[in-house]
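Written below as structure tokens is the structure these notes are about.
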Amino acid sequence: MKERYHLRLPAPESLKDLPISQEDLKRAEDRRDVKRHREERRPIKLFWLLLGPGILVMLGENDGPSMISYATTGATYGVGFFLPFILLTFAMAYVVQEMTVRLGAVTKKGHAELINERFGKFWGWFAMGDLAFGNLLTLVTEFIAIRAGLGFFHVPSALSVFGAFLIIVGAVATQRYWTWERIVLSFAVFNLIFIPVAVLAHPVPTQIVKAFFSWGPIPGGVNASFILLVMSNIGATVTPWMLFFQQSAVVDKGLTPTDISHGRIDTALGALLAAIAAIATVLACVPLFTSHVDASNFQGADFAQALVPHIGSIGASLFALGLFEAGIVAALTISLSSAYAFGEVTGRSASINSPIKENLPFYAFLLAAAGIAALLVLIPHAPLVFITLIVNVIAVLAMPPAIVFLLLLVNDKEIMGEHANRPLGNVFGIGVTIFLILAGLTYGILTIFPHLFPTS
């Protein structure tokens with residue numbers, strides 16, 4: 001199906017006479033470039049224009065608590081079960097996020113907007129409220145990671161948190177999705193900084209290969225600590241905000257059904273890069289496991305400091321910078337996902353392409369979410385450690401209902417037509433849902449009957 005565009009952009013001085021929004025004009029400019037490169041058969045330039053949402057959602061999910069979870073995994077279990085398990089979780093993330101690509105490209109509507117339209121306003125507002133609350137807790141952990149990462153370099157907490165908030169303000173102040181996306185991508189690429197950190201930890205290649213083929217060993221066996229880390233690693237990969245962000249970003253970017261294949265590649269590439277960075281973080285902290293360092297109560301800066309004797313000050317500094325990157329990218333994407341949902345449910349424009357003066361509530365909601373989280377981090381004696389520990393677990397428990405809505409929407413032939421889920425897609429989607437439900441039930445049993453699982 002070939003795209004056709006009849007909009008010819010007029011001279012700037014006549015824009016005010018057109019019955020078309022600035023948001024539409026900016027998106028039309030982007031689509032004009034896509035159309036030109038597609039017709040001129042320039043695949044690399046075309047992919048450069050279309051990539052973004054998939055890489056951002058995956059690397060954005062490699063956030064502060066996620067990287068701390070991976071670090072704890074490496075320090076607690078070394079090289080073994082969790083390396084192939086992390087690959088499995090990112091495969092699940094791809095299955096879920098690929099559906100959001102199709103939904104956004106076909107319907108031109110965000111996730112919250114579709115829920116609102118297809119299931120009623122109650123469920124639309126419920127989904128938005130649930131997302132906003134979960135995102136607020138997660139944003140707190142991102143500012144904790146930012147503070148911890150820069151704290152390694154003795155940057156005052158208030159300065160690091162305020163500076164991160166200014167970056168968020170500056171990115172959305174561009175009032176251009178393309179520019180915002182490229183700013184965040186420039187930060188996101190530094191998630192791969194954990195790779196040289198892992199190299200400095202001198203992992204044993206044969207142990208890594210063996211782990212992927214044997215899914216083991218599990219030091220200490222299956223116990224309460226192991227199950228909690230399994231939950232944390234799942235929550236570090238598959239979370240509700242990802243659904244809302246990527247589908248709305250696909251819409252904001254202006255992707256069409258013709259672009260679905262590129263969206264899939266973008267998402268798969270993001271999953272691969274994020275998995276590599278996650279596994280590298282595990283490997284970077286294996287020296288703490290081999291030297292029997294108890295990292296169960298470590299926070300971000302503690303890992304960097306503890307790694308100094310093993311990987312040197314340069315490696316530890318890179319680890320700390322990685323934590324900062326993880327926090328800032330997640331803060332940028334998660335705050336936007338909240339604003340997207342707010343705009344979609346309230347019937348307002350949900351786009352960074354819209355001018356601030358015409359869409360003040362959207363931008364105000366975005367900055368309020370980030371600002372409240374930043375202030376909470378600076379409150380003396382706030383339960384930050386508790387929030388950090390519980391965020392990934394909450395994400396796992398909240399994900400099955402979110403996937404149910406997603407599956408219902410992507411199987412709705414009235415809105416999806418030929419792009420609705422096929423049987424194999426449903427098998428994978430339902431399989432992920434069942435897996436997450438079982439993980440949640442296991443956590444519930446562990447919480448209610450702790451004596452069933454030994455702690456060591």
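Just a few scattered comments:
Matching residues to (1) in a helix (DSSP H, G or I); (2) of a type in the set (Phe, Trp, Tyr); (3) under 29 Å from Ser225 (Cα atoms); (4) at pLDDT below 95:
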| site | (1), (2), (3), (4) |
| --- | --- |
| Val95 | yes, no, yes, yes |
| Leu114 | yes, no, no, yes |
| Glu117 | yes, no, no, yes |
| Phe122 | yes, yes, no, yes |
| Trp125 | yes, yes, no, yes |
| Gly129 | yes, no, no, yes |
| Val140 | yes, no, yes, yes |
| His154 | no, no, no, yes |
| Trp178 | yes, yes, no, yes |
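- Residue satisfying all of: in region 393-415; part of a helix (DSSP H, G or I) and free of Cβ contacts under 8 Å to residues at least 40 places away in the same chain; surrounded by the most Cβ atoms within 10 Å (Cβ to Cβ) among these: Pro401
- Taken together, Gly54, Gly74 contain a single residue that is within 17 Å of the chain's Cα centre (by Cα), in a helix (DSSP H, G or I) and within 27 Å of Phe319 (Cβ to Cβ), which is Gly54.
- Being at pLDDT 85 or above and in a helix (DSSP H, G or I) is a description that does not apply to Leu15.
- Residue within region 247-270 that is in contact with a Phe, Trp or Tyr (Cβ under 7 Å, 6 or more places away or on another chain), assigned to a loop (DSSP other than H, G, I, E, B) and either crowded, with 24+ Cβ neighbours inside 10 Å or among the aromatic types (Phe, Trp, Tyr) (or both) present: no
- Under the condition of being charged (D, E, K, R) and buried (at least 23 other Cβ atoms within 10 Å of the Cβ), the residues counted in region 42-63 number 2.
- Qualifying residues in region 225-246 (those that are of a type outside the set (Ser, Thr, Tyr) and outside any helix (DSSP H, G or I)) - the one modelled with the lowest pLDDT: Ala236
- Near pairs, Cβ below 6 angstrom, 6+ apart or cross-chain, from region 300-316 (over 14 Å from Gly151 (Cβ atoms) and charged (D, E, K, R)) to any residue that is outside any helix (DSSP H, G or I) and modelled with pLDDT under 90: none
- Exactly one residue out of Ala368, Ala341, Ala301 is closer than 30 Å to Glu117 by Cα and surrounded by fewer than 24 Cβ atoms within 10 Å (Cβ to Cβ): that is Ala368.
- Unique residue being of a type in the set (D, E, K, R) and more than 14 Å from Phe245 (Cβ to Cβ) when the list is Glu117, Glu61, Glu113: Glu117
- If you check Val209, Val251, Val222, Val238 for being free of Cβ contacts under 8 Å to residues at least 40 places away in the same chain and either under 28 Å from Ala339 (Cβ atoms) or over 16 Å from the mean Cα position of the chain (by Cα) (or both), only one passes: Val209.
- Picking from residues in region 124-161 that are without any contact (Cβ under 8 Å) to a residue 60 or more places away in the chain and over 22 Å from the mean Cα position of the chain (by Cα), the one that is surrounded by the fewest Cβ atoms within 10 Å (Cβ to Cβ) is His154.
The values are calculated or read from the model by the stated rules, or taken from the named source; none is laboratory data. Treat the numbers as computed from the prediction; the structure is a model and nothing was measured. With ideal geometry, Cβ positions are generated from the backbone for all residues, glycine too; neighbour counts draw on all protein chains shown.
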